[in-house]
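A quick write-up on the structure given underneath.
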Amino acid sequence: MKTIQAYGLSTKINIDNFKKIIKTIKGLKEAKKIIKEFNPNVVIGTGGYICGAVITSANKLKIPTMLHESNAFPGKAVKMLLKKTDVVMVSFEETKARLPKAKKVVLTGVPSRNLKKELNLAEKIKLKEKYGLNPAKPTVLAFGGSQGAKVINDAITEIAKNKLNRNYQILLASRSKTI
């Protein structure tokens with residue numbers, strides 16, 4: 001795995017945003033160097049600001065590019081990179097209409113691994129105890145990503161604060177909050 005400098009930018013004009021722009025420009029050079037060393041046949045991005053430098057660099061090097069947008073509503077990075085990307089793969093049919101400037105859009109669905117594992121009662125109890133949960137109570141696992149993560153985190157936080165989950169417990173998988 002190789003890393004580059006890349007940052008999401010704010011719409012506000014401030015010194016911090018200016019510093020992020022400079023670092024992201026350095027990230028373009030880093031991405032170009034890595035791509036030249038690796039010499040791929042195609043470059044695939046999955047959205048997010050990190051894709052900007054990588055897809056742009058691959059495009060300048062005349063390497064075919066693809067983006068996968070797993071959300072129904074395309075993110076900012078995907079929208080910005082449409083003209084530089086050869087193919088945009090989407091998870092939902094209705095997403096196609098939201099990408100009118102894309103060169104080519106293909107419905108692929110969401111790539112996933114099928115790692116279904118059945119747990120016995122003892123394993124379930126042990127797992128609940130590991131996370132400080134009551135083994136006798138039903139548990140709801142809540143998680144989200146991308147643009148929906150904040151909304152989900154906020155909703156679960158409100159449920160917990162207002163003790164609306166008296167008959168069940170919640171395990172929130174989040175990178176940004178502990179409740």
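None of the figures in this text is laboratory data; all of them are computed from the coordinates on show. Since the structure is predicted, the reported quantities are computational estimates derived from the model, not experimental observations. For neighbour counting, all protein chains shown are included, and Cβ atoms are generated from backbone atoms with ideal geometry for every residue, glycine included.
With charges set only on the Cβ (+1 for Lys and Arg, -1 for Asp and Glu), what does the dipole of the chain come to about its Cα centre, in debye to the nearest 20?
540 debye
Given the DSSP H assignment, sum -39500 (n - 2.57) over each helix run of at least 4 residues in the chain and divide by its residue total; what's the result at 222 nm in deg cm²/dmol, nearest 500?
Calculated mean residue ellipticity at 222 nm is -11500 deg cm²/dmol.
Ignoring the sites themselves, what is the longest stretch of the chain with no trypsin sites (Lys or Arg not before Pro) in a DSSP loop and at most 16 other beta-carbon atoms within 10 Å?
Longest stretch, sites excluded: 13-61.
Dipole of the chain (Lys/Arg Cβ +1, Asp/Glu Cβ -1, origin at the Cα centre): which of N134, I50, V110 lies farthest to the positive side?
I50
Taking Cα atoms, how many degrees apart are the long axis of helix 50-60 and the longest axis of the chain, rounded to 10 and kept between 0 and 90?
Result, in degrees: 20.
Enumerate the amide H contacts of V43 below 5 Å, restricted to partners 5 or more residues apart or on another chain; note that Pro and chain-start residues carry no placed amide H.
Amide H neighbours of V43: T65, M66.
Specify the angular offset, from 0 to 90 degrees and rounded to the nearest 10, of the alpha carbon long axis of helix 121-130 from the longest principal axis of the alpha carbons in the chain.
With both axes taken from Cα atoms, the answer is about 70 degrees.
Which value, in debye to the nearest 20, gives the size of the charge dipole of region 121-173 about its Cα centre, when Lys and Arg are +1 and Asp and Glu are -1 at the Cβ?
180 debye
Which pairs, out of K26/K96; K33/K76; K20/K79; K128/K150; K19/K83, put more than 23 Å between their alpha-carbon atoms?
As for pairs spanning more than 23 Å Cα to Cα, those are K26/K96; K33/K76; K128/K150; K19/K83.
List every residue whose amide H lies under 5 Å from the amide H of Q169, counting only residues 5 or more places away in sequence or on a different chain, with H placed 1.01 Å from N in the peptide plane.
Under 5 Å from the amide H of Q169 lie the amide H atoms of T139, V140, each far enough along the sequence or on another chain.
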